[in-house]
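The values are calculated or read from the model by the stated rules, or taken from the named source; none is laboratory data. Note that the structure is predicted; figures quoted are calculated from it, not measured. FYI the Cβ positions are ideal-geometry reconstructions off the backbone, even for glycines, and counts take in every protein chain you see. Just so you know, the surface numbers come from the protein's heavy atoms only, side chains and all, with ligands and any DNA or RNA stripped out. Shrake-Rupley method; radii C 1.70, N 1.55, O 1.52, S 1.80 Å.
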Amino acid sequence: MSSKPQALTSIGPMRAFAANSKKISVELIEINEKLFEFNKYMTEYYNQLSTTWGIAQKKVNLKVPEIPQDVEQIESVKRIWIDIFDNDFTELFDSKKFGDNYGNLVSKELELTKHWNNITNVILQSVNLPSKEEIDEVYKEIHSLKKRVSKLELKLKKEKRKNAE
């Protein structure tokens, strides 16, 4: 073996990994773009939540300016707090702006997951291991076989009881 570092990429799994490194690089570039968009939507999401919280808390403070003195007043403050926060957050969650932003946030998260899965599959392929999809397919088949075996065992027990009688 040569003492040169590039000699490592000419044998075994490193050769496959080097050949697939372009795919990984492309995925990483796309991940960075999606991550920027994801962070934008995440910032807006938390901005909407914190703004709604602040407005709701101000409404509570205006409605209950004094410190409660007994248990009944404390319960009254809790009911007011719950009602105001419930109304304000329900209004937020029902708004088109929140729905659009949340939909975009989830969409970008799913796109990021897709890119990470693609990178994982390239790496697994480089070292001759099965992909996640292939493993999932094996798990489905095992689950199906377990169900069939259980049904056959149950049927066999019924037949044995029937023959015993």
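Tabulated data
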quantity: The stretch 44-66, subset in a helix (DSSP H, G or I) and open to solvent by 80 Å² or more (accessible area, probe 1.4 Å), residue nearest to K96 (Cα to Cα); calculated: Y46
quantity: Boolean, K97 is in contact (Cβ under 8 Å) with a residue 24 or more places away in the chain, among the charged types (D, E, K, R) and surrounded by fewer than 12 Cβ atoms within 10 Å (Cβ to Cβ); calculated: yes
quantity: Among the residues listed as Q125, Q69, the single one being open to solvent by 100 Å² or more (accessible area, probe 1.4 Å) and under 30 Å from K22 (Cα atoms); calculated: Q125
quantity: Any chance Q57 is at pLDDT 85 or above and either more than 27 Å from E109 (Cβ to Cβ) or of a type in the set (D, E) (or both); calculated: yes
quantity: Which numbered condition N128 fails, given (1) without any contact (Cβ under 8 Å) to a residue 12 or more places away in the chain; (2) not in a helix (DSSP H, G or I); calculated: (1)
quantity: The one condition in (1) surrounded by 11 or more Cβ atoms within 10 Å (Cβ to Cβ); (2) farther than 20 Å from E30 by Cα; (3) within 21 Å of the chain's Cα centre (by Cα) that T120 fails to fulfil; calculated: (2)
quantity: Hey, W81 modelled with pLDDT of 95 or more, farther than 30 Å from N117 by Cβ and either assigned to a helix (DSSP H, G or I) or open to solvent by 60 Å² or more (accessible area, probe 1.4 Å) (or both) or not; calculated: no
